[in-house]
Amino acid sequence: MTKTVNHWIGGRTVEGTSGQYGPVTDPATGAVTTQVALASVAEVDAAVAAAKAAYTTWGTSSLAQRTTVLFRYRALLDAHRDEIAALITAEHGKVHSDALGEVARGLEIVELACGITTQLKGELSTQVSNRVDVSSIRQSLGVVAGITPFNFPAMVPMWMFPLAIACGNTFVLKPSEKDPSAANLLAELASEAGLPDGVLNVVHGDKIAVDALLDHPDVAAVSFVGSTPIARYIHATASANGKRVQALGGAKNHMLVLPDADLDAAADAAVSAAYGSAGERCMAISAVVAVGAIGDELVARIRERAEKIKIGPGNDPTSEMGPLITAAHRDKVASYVTGAAAQGAEVVLDGTGHTVEGFEDGHWIGLSLLDKVSTDSDAYKDEIFGPVLCVLRVESYEDGVALMNASPFGNGTAIFTRDGGAARRFQMEIQAGMVGVNVPIPVPVGYHSFGGWKDSLFGDHHIYGNDGVHFYTRGKVTTTRWPDPADAPAGVDLGFPR
Ligand code: NAD
């Protein structure tokens, strides 16, 4: 073990005092490289206290002051892209190019936050009644907490804190304990950009730290991204404690392929979206629904492409797919593949038992492709979160949409077709929060919001974009009457104002 990741509180590194540490593993070698401090309730209290103290000045800082810091932060992040991506690869395992993509998508939200002046302009209606004007403004909430998953250790935190602090809040981030280092670098760079101490704090930890944030009376709102069972728990607990909550959960994203689709384009997209980041993306395509007679041909083309993917350590530029996050997760993913045939699927590609020469202790698994998967099988029903693609076959567009809408998840979805009318109908009928038309992973750009439906999101607000600004602010409407100096007094009127 070479390194300890500590907390970042009040603008400096704070060593853990709970005596509890979690192991951080390099998924490519299986070696524990780092220990991460796990916060006690008292350490969470210290982070919230630092954020609360910083809010007294940051909450009233000028927009110019905030955007000056954010523009500097954007430049620093840009200069440190490689360093952030290398930390992601070392602890998550994804290939470096993919980690760079993650940083780029996180940077988008910092860029959005640089333009917060436009988003916070408010509204004014003049002369709504005689001499009466009405203005609407949005004000910050106070201390906001963010709890984030392992699969995007930089991007998902960046979905949250840049907008939250641009809106005038202060922030306590609790990153995934599986890959904690990127979060600290993000916080250090914010400090270097001039963010005042205490505006952005990072506490590492597990359920103890999360529960301390959910119970803390000084935390006004909670943004969560992670698995569905925990998202449901976070939403219920934080809401019961009177907090504003957005809790984004897991997914099972379907791609509907109509008979008129360009099958090569569909196969390229299916392979990229199912196996990219070893399937550890909440927007990964994990179920392809083939309509009509194209099933055999589509499966053949997916197989041909999947067989060529090079698996290896994320820091090897020739690798296209890295390992899974932990050995336990790898074994769980493998169990879906080994159990699939007994539940009626045809196992076209079996990635279990894969190893990489020289890295035998890494958390490897190859690409798996399951055909003719039934909707009551475990491989279909569960979010596997690994490189396993299920193919389902249906007779018609209507059958495909009915199958997809029966899923309890509703995160991302896609249709592949050359028929604009069918695509438009799909956009209207499908029950999911993000739709791709010939785009397999329709992650919205920063200025549109990201969020799913059904069990993929608990709460009312999607994340970032306009919804993000709304989530991190609350509205205030002022009705003003300034009588003209020449007016006679209005007099008493007990009627309800009309
Ligand atoms: P996870 O739910 O296990 O963990 C997420 C966070 O919750 C972590 O910070 C973790 O420490 C904390 N946590 C875990 N168990 C807890 C408990 N019992 N009580 C309180 N806190 C707890 O998720 P993960 O495995 O880190 O990430 C993968 C999951 O996240 C997948 O399901 C994926 O689909 C989902 N995800 C969703 C989105 C989205 O935008 N909808 C984006 C990324 C990931």
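The values are calculated or read from the model by the stated rules, or taken from the named source; none is laboratory data. Not measured: the values here are computed from a predicted model. Cβ sites come from the backbone with ideal geometry, for glycine too, and all protein chains shown count toward neighbours.
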Inset, instruction - Check segment 279-297 and report whether any residue there is away from the ligand (no atom under 12 Å from the Cβ), in contact (Cβ under 8 Å) with a residue 24 or more places away in the chain and part of a loop (DSSP other than H, G, I, E, B). - result: no
Inset, instruction - Filter segment 368-389 for residues that are out of contact with any Asp or Glu (no Cβ under 8 Å at 6 or more places or on another chain) and of a type outside the set (D, E, K, R) and give the result. - result: L369, V373, S374, T375, S377, A379, Y380, I384, P387, V388, L389
Legend entry - Those residues of segment 430-444 which are within 15 Å of the ligand (Cβ to nearest atom) and outside any strand (DSSP E or B), in sequence order: A432, G433, I441, P442, V443, P444
Legend entry - Hey, L195 away from the ligand (no atom under 16 Å from the Cβ), assigned to a helix (DSSP H, G or I) and not polar (S, T, N, Q) or not: no
Inset, instruction - Output the residue which, of all residues in segment 445-468 that are of a type in the set (F, W, Y), outside any loop (DSSP other than H, G, I, E, B) and touching a residue at least 60 places away in the same chain (Cβ under 8 Å), is nearest to the ligand (Cβ to nearest atom). - result: F450
Legend entry - Selected residue (only one of A47, A28 is surrounded by 15 or more Cβ atoms within 10 Å (Cβ to Cβ) and under 17 Å from A90 (Cα atoms)): A28
Inset, instruction - Determine which single condition L200 fails, assuming it passes every other condition in (1) on the phi > 0 side of the Ramachandran plot; (2) more than 8 Å from the ligand (Cβ to nearest atom). - result: (1)
Inset, instruction - Would you check if there is a residue in segment 447-470 being under 16 Å from V144 (Cβ atoms), surrounded by 15 or more Cβ atoms within 10 Å (Cβ to Cβ), at pLDDT 95 or above and of a type in the set (D, E, K, R)? - result: yes
Legend entry - Filter result for the condition that a residue is outside any loop (DSSP other than H, G, I, E, B), buried (at least 24 other Cβ atoms within 10 Å of the Cβ) and not β-branched (V, I, T), over A300, A274, A265: A274
Inset, instruction - Taking A238 as the residue in question, decide whether it is part of a helix (DSSP H, G or I), more than 8 Å from the ligand (Cβ to nearest atom), closer than 22 Å to R330 by Cα and over 15 Å from the mean Cα position of the chain (by Cα). - result: no
Inset, instruction - Please work out if L107 is surrounded by 15 or more Cβ atoms within 10 Å (Cβ to Cβ) and at pLDDT 95 or above. - result: yes
Legend entry - Qualifying residues in segment 375-389 (those that are over 22 Å from G322 (Cα atoms) and of a type outside the set (D, E, K, R)) - the one nearest to the ligand (Cβ to nearest atom): Y380
Inset, instruction - Within segment 170-185, track down each residue that is under 18 Å from G11 (Cα atoms) and either surrounded by 24 or more Cβ atoms within 10 Å (Cβ to Cβ) or within 15 Å of the ligand (Cβ to nearest atom) (or both). - result: T170, F171, V172, L173, K174, P175, P180, S181, A182, A183, N184
Inset, instruction - Looking for whichever is under 15 Å from L367 (Cβ atoms) and of a type in the set (A, V, I, L, M, F, W, C) here; the options are I302, I294. Which one fits? - result: I302
Inset, instruction - Inspect segment 78-85 for any residue being surrounded by fewer than 22 Cβ atoms within 10 Å (Cβ to Cβ) and more than 22 Å from the chain's Cα centre (by Cα) and give the result as yes or no. - result: yes
Inset, instruction - Mind listing just one residue for me: the one in segment 211-227 that is within 7 Å of the ligand (Cβ to nearest atom) and surrounded by fewer than 24 Cβ atoms within 10 Å (Cβ to Cβ) and, of those, farthest from Q139 (Cα to Cα)? - result: S227
Inset, instruction - With the condition kept exactly as written, say whether any residue in segment 225-235 is more than 20 Å from V435 (Cα to Cα) and not in a helix (DSSP H, G or I). - result: yes
Legend entry - Test: E320 is within 14 Å of the ligand (Cβ to nearest atom), charged (D, E, K, R) and closer than 26 Å to H96 by Cα: no
Inset, instruction - For P157, work out the one condition from (1) at pLDDT 95 or above; (2) more than 9 Å from the ligand (Cβ to nearest atom); (3) over 18 Å from V5 (Cα atoms) it doesn't fulfil. - result: (3)
Legend entry - Flag for T318 being surrounded by 16 or more Cβ atoms within 10 Å (Cβ to Cβ), without any contact (Cβ under 8 Å) to a residue 24 or more places away in the chain and assigned to a loop (DSSP other than H, G, I, E, B): no
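Any residue at all in segment 469-486 that's of a type in the set (K, R), assigned to a strand (DSSP E or B) and under 19 Å from M255 (Cβ atoms)?
Within segment 469-486 (the criterion being of a type in the set (K, R), assigned to a strand (DSSP E or B) and under 19 Å from M255 (Cβ atoms)), the answer is no, since none of the residues qualifies.
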Inset, instruction - Considering only segment 149-176, state which residues are within 15 Å of L70 (Cβ to Cβ) and among the polar types (S, T, N, Q). - result: N169, T170
